[in-house]
Amino acid sequence: MAMATTPLPVAGLDDLSNESRMIATPWSRMVRGIGLGQYPVDYDPDAAARIRHTFGLLEAKVPASNSYTLFSRLLADLILRAADPAEEFPRSEQQRALRPVLDAVRAERNPYYRLMTGCILLDSFAKLGLDRTLLLNDTEDVPGEVLAMADLIEADRIEDENSGRHGDYEKLSAYSAVFLAFGQLGLQERLVAGPRNYVVEALDLLERIPAPFFRGRGGSMLLSVVTLLGYDALIFDGERDYMKEVLDFLARADELNMPASFPSPMTAEFSQVYPLLTMLNAIAMSGRAQYLTHGRDWLAEAKRLIAAIAPVERTHMGLYYIVALHNLGRLREQLPDLDAFVEGVVGQWKEVDPGENFFLNGIAYPYMIETAMLTGRTDLITDETLDRVVNSYPDLDRTDLDRVNRPYPLSYLLNMLGEIGEAERLYTPGDRYAGSSPMAWVIDHLSEDGRDEGNRLYMLDHALISYALRLRGAGRGETELFKKFRFRLTAAR
């Protein structure tokens with residue numbers, strides 16, 4: 001049975017909100033925690049029960065000293081109470097529920113993750129339409145507190161296969177999240193009106209990220225957020241042109257010879273096409289088409305790289321490519337047969353074993369499903385497709401690396417299945433899980449106290465918060481900041 005019979009939040013690219021056009025892919029949402037709660041729907045008590053049940057499972061497995069998961073559980077409950085039309089949730093109760101959430105924010109020891117909890121809280125208030133004076137009043141300045149946390153984030157603190165290549169990438173990403181949260185609360189003037197111009201400070205961080213991959217990927221989101229806030233003159237019209245500088249740096253990737261490393265073997269072209277596609281979307285946000293040919297023909301370069309990467313890598317990058325071209329108004333020109341391209345990307349599910357590894361294969365399925373949904377081709381997704389990925393998690397016991405990273409693909413899948421109305425599959429007991437549900441089985445098989453999984457658990461937290469935020473009501477869409485934005489290159493064509 002194909003998924004075409006399932007009610008979906010969008011029927012194709014023309015249905016996308018501005019928030020989804022800017023933050024379309026799971027990576028920013030699940031890894032960085034921005035753009036949560038897209039595709040809002042009316043409150044569903046069954047979905048709310050699933051979210052609370054999952055946090056109950058996590059609470060039994062992960063100690064309360066894990067401040068991030070504690071914060072996420074408390075915030076999700078606040079969100080669900082605010083969203084439930086059957087529950088009275090007056091201001092006094094909101095204030096009472098907020099106190100332990102703030103305590104959990106302040107208890108998080110890692111400054112980057114402490115800042116992220118604060119940003120997610122601010123973002124949630126904006127999307128729920130809650131009174132911001134609960135956060136900003138005579139005794140509390142939570143937005144200011146969150147902004148100040150960025151000063152505590154040090155360079156090169158990410159310990160992974162790319163250690164030493166990040167520089168101030170984490171701080172740059174933090175500023176993108178803070179600026180976006182401030183803008184949605186209508187507080188963006190605080191970023192530029194005081195003794196410090198935080199926007200310029202953040203833009204200056206770009207040159208302190210040594211690897212082209214991270215400068216392009218992180219920089220593209222910062223440039224997009226600054227444009228969204230209406231401060232794009234600071235990018236283009238001062239003494240420096242930060243967009244040109246990033247593109248010039250990407251053009252030197254071969255010379256610099258600092259490719260990104262990944263948990264799975266990837267082609268050299270993957271490391272180049274990923275930041276380029278995100279920068280193409282930043283150009284679309286800017287509305288300045290001249291940057292498409294600054295130094296070289298970047299659309300031709302993107303086409304070359306997309307053709308050169310492996311088919312399974314294209315399942316990751318296809319969505320980035322399609323959305324960037326759509327936002328640039330160049331989709332028909334660059335992909336005249338969109339259906340054939342989508343069929344090639346999504347059809348890879350028949351070849352890719354999602355249990356072979358957590359990264360390249362494991363998150364390929366959520367990307368394929370999202371690509372099908374956003375292009376209106378869910379006819380390409382069948383019950384067999386979904387069953388194959390839902391039943392894949394026991395196979396990730398093959399290596400220690402795959403086992404401890406299992407929450408990574410699970411978070412992506414929960415997010416995606418929630419969007420297409422199929423999240424119940426993760427909560428249905430089955431033979432593959434010895435009578436347990438996939439969600440319960442994965443959580444039960446976490447390491448003691450979730451220590452080995454570490455920050456991979458935070459992706460599952462983000463997926464659950466996003467699921468909760470989606471229940472705020474179909475009529476409560478994106479915030480005013482996004483509503484008033486215009487993709488000028490699309491409108492001009």
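Do we have residue 423 as open to solvent by less than 40 Å² (accessible area, probe 1.4 Å), of a type in the set (A, V, I, L, M, F, W, C) and either at pLDDT 95 or above or more than 22 Å from residue 31 (Cβ to Cβ) (or both) here?
Yes: the conditions hold for residue 423.
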| Conditions: (1) outside any loop (DSSP other than H, G, I, E, B); (2) in contact (Cβ under 8 Å) with a residue 12 or more places away in the chain; (3) open to solvent by 30 Å² or more (accessible area, probe 1.4 Å); (4) not basic (Lys, Arg). Residue 75 meets all but one. Number of the miss? | (3)
| How many of the residues making up the stretch 436-493 are hydrophobic (A, V, I, L, M, F, W, C), part of a loop (DSSP other than H, G, I, E, B) and open to solvent by 20 Å² or more (accessible area, probe 1.4 Å)? | 3
| For residue 373: the one exception among (1) open to solvent by 10 Å² or more (accessible area, probe 1.4 Å); (2) assigned to a helix (DSSP H, G or I) | (1)
| note | Result of the Cβ filter at 8 Å on the stretch 93-104, keeping first residues that are in contact (Cβ under 8 Å) with a residue 40 or more places away in the chain and partners that are in a helix (DSSP H, G or I) and open to solvent by less than 80 Å² (accessible area, probe 1.4 Å), at least 6 apart or interchain, is 94/78; 94/82; 94/134; 102/121; 102/142
| Condition met for residue 28 (assigned to a helix (DSSP H, G or I) and either hydroxyl-bearing (Ser, Thr, Tyr) or touching a Cys at 6+ places or on another chain (Cβ under 6 Å) (or both)) | yes
| query | Within the stretch 239-252, can one find any residue that is among the aliphatic types (A, V, I, L, M) and surrounded by fewer than 19 Cβ atoms within 10 Å (Cβ to Cβ)? | reply | yes
| When residue 64 is evaluated against the numbered criteria (1) at pLDDT 95 or above; (2) open to solvent by 20 Å² or more (accessible area, probe 1.4 Å); (3) of a type outside the set (S, T, N, Q); (4) under 27 Å from residue 454 (Cα atoms), which criterion, by number, is the only one it fails? | (1)
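Condition check: open to solvent by 60 Å² or more (accessible area, probe 1.4 Å), modelled with pLDDT under 95 and either touching a strand residue (DSSP E or B) at 6+ places or on another chain (Cβ under 6 Å) or in a helix (DSSP H, G or I) (or both). Does residue 4 satisfy that?
yes
For the stretch 231-241, indicate whether the set of residues that are aliphatic (A, V, I, L, M), touching a residue at least 12 places away in the same chain (Cβ under 8 Å) and touching a Gly at 6+ places or on another chain (Cβ under 8 Å) is non-empty. Break it down stepwise before answering.
Pass one, the stretch 231-241, residues aliphatic (A, V, I, L, M): 233-235.
Now restrict to residues that are touching a residue at least 12 places away in the same chain (Cβ under 8 Å): 234-235.
Narrowing the set further to residues that are touching a Gly at 6+ places or on another chain (Cβ under 8 Å) leaves none.
Within the stretch 231-241, not a single residue is aliphatic (A, V, I, L, M), touching a residue at least 12 places away in the same chain (Cβ under 8 Å) and touching a Gly at 6+ places or on another chain (Cβ under 8 Å).
Residues checked against (1) more than 21 Å from residue 158 (Cα to Cα); (2) basic (Lys, Arg):
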residue: 207; (1), (2): no, no
residue: 210; (1), (2): no, no
residue: 213; (1), (2): no, no
residue: 217; (1), (2): no, yes
residue: 223; (1), (2): yes, no
residue: 234; (1), (2): yes, no
residue: 240; (1), (2): yes, yes
residue: 247; (1), (2): yes, no
residue: 254; (1), (2): yes, no
| task | Just one of (1) in contact with a Phe, Trp or Tyr (Cβ under 7 Å, 6 or more places away or on another chain); (2) open to solvent by 30 Å² or more (accessible area, probe 1.4 Å); (3) among the aliphatic types (A, V, I, L, M) trips up residue 368, so point out which. | result | (2)
| Failed item, numbered, when residue 406 is tested on (1) surrounded by fewer than 16 Cβ atoms within 10 Å (Cβ to Cβ); (2) out of contact with any Ser or Thr (no Cβ under 7 Å at 6 or more places or on another chain) | (1)
| field | Top-ranked residue in the stretch 314-355 [being of a type in the set (Gly, Ala, Ser) and free of Cβ contacts under 8 Å to residues at least 60 places away in the same chain; ranked as surrounded by the fewest Cβ atoms within 10 Å (Cβ to Cβ)] | value | 340
| Scope the stretch 111-127; condition farther than 18 Å from residue 460 by Cα and either of a type in the set (Gly, Ala, Ser) or not in a helix (DSSP H, G or I) (or both); matching residues | 126
| request: Would you please list the contacts, defined by Cβ atoms under 7 Å and residues six or more apart or on different chains, that run from a residue in the stretch 179-192 that is open to solvent by 10 Å² or more (accessible area, probe 1.4 Å) and modelled with pLDDT of 95 or more to a residue that is in a loop (DSSP other than H, G, I, E, B) and not polar (S, T, N, Q)? | output: 192/231
| said: Scan the stretch 41-61 and tell me whether some residue there is closer than 30 Å to residue 224 by Cα, open to solvent by 20 Å² or more (accessible area, probe 1.4 Å) and not charged (D, E, K, R). | reply: yes
| query | Does residue 147 meet the test of being more than 19 Å from the chain's Cα centre (by Cα), farther than 19 Å from residue 36 by Cβ and surrounded by 24 or more Cβ atoms within 10 Å (Cβ to Cβ)? | reply | yes
| Which one of these does residue 231 not meet: (1) within 22 Å of the chain's Cα centre (by Cα); (2) over 24 Å from residue 210 (Cβ atoms); (3) of a type outside the set (Val, Ile, Thr); (4) open to solvent by 20 Å² or more (accessible area, probe 1.4 Å)? | (1)
| query | Restricting attention to the stretch 253-270, and to residues there that are over 21 Å from residue 292 (Cα atoms) and among the hydrophobic types (A, V, I, L, M, F, W, C), which single residue is least open to solvent (accessible area, probe 1.4 Å)? | reply | 260
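The values are calculated or read from the model by the stated rules, or taken from the named source; none is laboratory data. Source: prediction; values computed, not measured. A quick note on method: Cβ atoms are made from the backbone with ideal geometry, for glycine too, and the neighbour counts reach across all protein chains shown. Keep in mind that these areas ignore ligands, DNA and RNA; they rest on the heavy atoms of the full protein, side chains included. Shrake-Rupley method; radii C 1.70, N 1.55, O 1.52, S 1.80 Å.
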